[in-house]
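A.B. asks: Before anything else, here's the structure in question.
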Amino acid sequence: MNAWAWTALLLYLGWTAFAFGVRAAQQRHRTGDTGFRGISGRPGQPSWWAGVLFVAALLGGAAAPAAALAGLGPLPGTAGPALRWTGLAIALAGLAATAAAQTNMGTSWRVGVDTGERTALVTDGLFAHVRNPVFTAMVTASLGLSLIVPNWVSLVALAALVTAIQLQVRVVEEPYLTTAHGPAYARYTHRTGRFLPGIGRSAPSP
């Protein structure tokens with residue numbers, strides 16, 4: 001069990017280091033700006049909760065394998081190597097998709113939203129199939145890691161991540177992109193699913 005916990009922990013640390021640290025360094029090299037915009041809104045607002053839950057999910061992702069190494073057992077019915085190997089395959093797919101989607105964003109990559117800023121609307125690569133492939137990939141990776149270390153900490157972290165992403169996309173990013181890109185974004189949302197291809201498309205403009 002310790003081997004799987006160490007696998008999950010090392011994968012998670014490598015993933016977060018690349019997704020945030022390396023990607024921010026690349027962004028700074030290209031544009032002079034790391035791309036970090038922080039938590040939106042005032043305390044208690046849905047946009048603020050999105051940021052808080054996202055941070056909680058990131059901390060929980062590391063805490064889950066650490067708790068397993070400290071002796072926290074798996075959830076009932078989750079014993080056996082088959083679930084762990086499945087989780088490893090899902091996690092690796094999510095990690096690769098996260099890197100690909102972030103690369104597709106180019107200089108438009110951001111963590112958080114500055115409502116006074118205008119970046120290019122990205123609609124190619126993975127963004128041609130779903131509007132939020134980075135978030136879809138992150139949930140996929142988190143799901144895989146949760147299957148590698150299926151304890152209550154990983155379950156709570158996964159739930160926090162999904163909730164944070166739903167709030168961030170619906171309350172923060174979609175209103176911002178609607179304001180920033182108008183009809184172009186409306187057409188994009190009509191033809192492209194929110195998190196999965198074909199699912200969550202908007203109604204056509206009247």
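A.B. asks: Hey, can you tell me all the residues within region 173-205 that are among the aromatic types (F, W, Y) and farther than 25 Å from G38 by Cα?
C.D. replies: Answer for region 173-205, where residues must be among the aromatic types (F, W, Y) and farther than 25 Å from G38 by Cα: just Y188.
A.B. asks: Which one of these is open to solvent by 50 Å² or more (accessible area, probe 1.4 Å), modelled with pLDDT of 95 or more and under 19 Å from the mean Cα position of the chain (by Cα): L53, L88, L59?
C.D. replies: L59
A.B. asks: So, in region 25-38, exactly how many residues are under 19 Å from the mean Cα position of the chain (by Cα) and touching a residue at least 60 places away in the same chain (Cβ under 8 Å)?
C.D. replies: The total comes to 5.
A.B. asks: When you go through Q102, Q168 one by one, which is the residue that is closer than 25 Å to H29 by Cβ and touching a residue at least 12 places away in the same chain (Cβ under 8 Å)?
C.D. replies: So the residue among Q102, Q168 that is closer than 25 Å to H29 by Cβ and touching a residue at least 12 places away in the same chain (Cβ under 8 Å) is Q102.
A.B. asks: Within region 179-206, which residues are in a helix (DSSP H, G or I) and open to solvent by 80 Å² or more (accessible area, probe 1.4 Å)?
C.D. replies: T179, P183, R187, R191
A.B. asks: Another question about this same structure. Scan region 105-133 for residues that are at pLDDT below 95, open to solvent by 30 Å² or more (accessible area, probe 1.4 Å) and part of a helix (DSSP H, G or I) and jot them down.
C.D. replies: M105, T107
The values are calculated or read from the model by the stated rules, or taken from the named source; none is laboratory data. Keep in mind the model is a prediction, meaning the values are calculated, not measured. Quick reminder, even Gly has a Cβ in these numbers, built from the backbone with ideal geometry, and neighbours come from all protein chains shown. Just the protein is used for accessible areas: all its heavy atoms, side chains included, with ligands, DNA and RNA removed. Shrake-Rupley method; radii C 1.70, N 1.55, O 1.52, S 1.80 Å.
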